[in-house]
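A quick write-up on the structure given underneath.
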Amino acid sequence: MVIPTPETGYLQFLKHDELVRLAAAADAVLHLPYRPGHFLVQGQPLAVAWPPSAAPQLAAQLARVQVTGPYRTLTKDVSFGFDQRVEIAIRALSPAVNDTFTALTCIDSLSRCLCRITHSWHRSASTATAPAGSAS
């Protein structure tokens, strides 16, 4: 059964561990198709609960484990920081500004962040999923 979005705005924060606990306590599966940074419209689907009989209980508790607000935030919205740096770089390279130093600084910052994410992701993913004896 569909659980509607209570208010319009950006999904800013989700307490993942609490969501799992709530679903387990209700003996249900809870599917949230959105992540922090997505824009939600009041009355549209926020989540889907199965079995449908668990939806009213989960809907009442869902408001405690998510925050929706008027703006995107950096708290749990990883892509927002990247979007901001890309936008600054594009504006810096515009004919009106033509500030290559700022654009290069943004590119350096993006590369540093991507390397940190890739390094930590690769390390944990390779140890968890690589078959024995394979090169990662």
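Restricting to segment 20-39, name every residue that is of a type outside the set (D, E, K, R) and within 18 Å of V78 (Cβ to Cβ). Even if it seems obvious, please write down each step before you answer.
The first filter runs over segment 20-39 and keeps only residues of a type outside the set (D, E, K, R), leaving 20, 22-26, 28-34, 36-39.
L32, P33, Y34, P36, G37, H38, F39, listed by residue number.
Take Q12 and decide whether it is touching a residue at least 24 places away in the same chain (Cβ under 8 Å), in the same structural domain as V65 (by TED's automatic domain parsing) and either among the hydroxyl-bearing types (S, T, Y) or surrounded by 14 or more Cβ atoms within 10 Å (Cβ to Cβ) (or both). Break it down stepwise before answering.
Values: touching a residue at least 24 places away in the same chain (Cβ under 8 Å): yes; in the same structural domain as V65 (by TED's automatic domain parsing): yes; either among the hydroxyl-bearing types (S, T, Y) or surrounded by 14 or more Cβ atoms within 10 Å (Cβ to Cβ) (or both): yes.
Yes, satisfied.
Of all residues being under 20 Å from the mean Cα position of the chain (by Cα) and among the acidic types (D, E) in segment 61-114, which is nearest to Q12 (Cα to Cα)? Just the residue, please.
That would be D77.
Against the condition hydrophobic (A, V, I, L, M, F, W, C), modelled with pLDDT of 90 or more and touching an Asp or Glu at 6+ places or on another chain (Cβ under 9 Å), how does A47 come out, does it pass? Reasoning before the result, please.
Working: hydrophobic (A, V, I, L, M, F, W, C): yes; modelled with pLDDT of 90 or more: yes; touching an Asp or Glu at 6+ places or on another chain (Cβ under 9 Å): no.
Criteria not met by A47.
Taking only segment 42-68 into account, find how many residues are exposed (fewer than 15 other Cβ atoms within 10 Å of the Cβ) and either in a helix (DSSP H, G or I) or outside the structural domain of P6 (by TED's automatic domain parsing) (or both). Please lay out each step first, then the result.
Let us first name the residues in segment 42-68 that are exposed (fewer than 15 other Cβ atoms within 10 Å of the Cβ), namely 42-44, 50-53, 56-57, 60, 63-64.
After this cut, where a residue has to be either in a helix (DSSP H, G or I) or outside the structural domain of P6 (by TED's automatic domain parsing) (or both) as well, the list is 52-53, 56-57, 60.
Number satisfying all stated conditions: 5.
The values are calculated or read from the model by the stated rules, or taken from the named source; none is laboratory data. Since we're looking at a predicted model, the values are computed, not measured. As a convention, Cβ positions derive from the backbone with ideal geometry for all residues, glycine included, and neighbour counts pool all protein chains shown.
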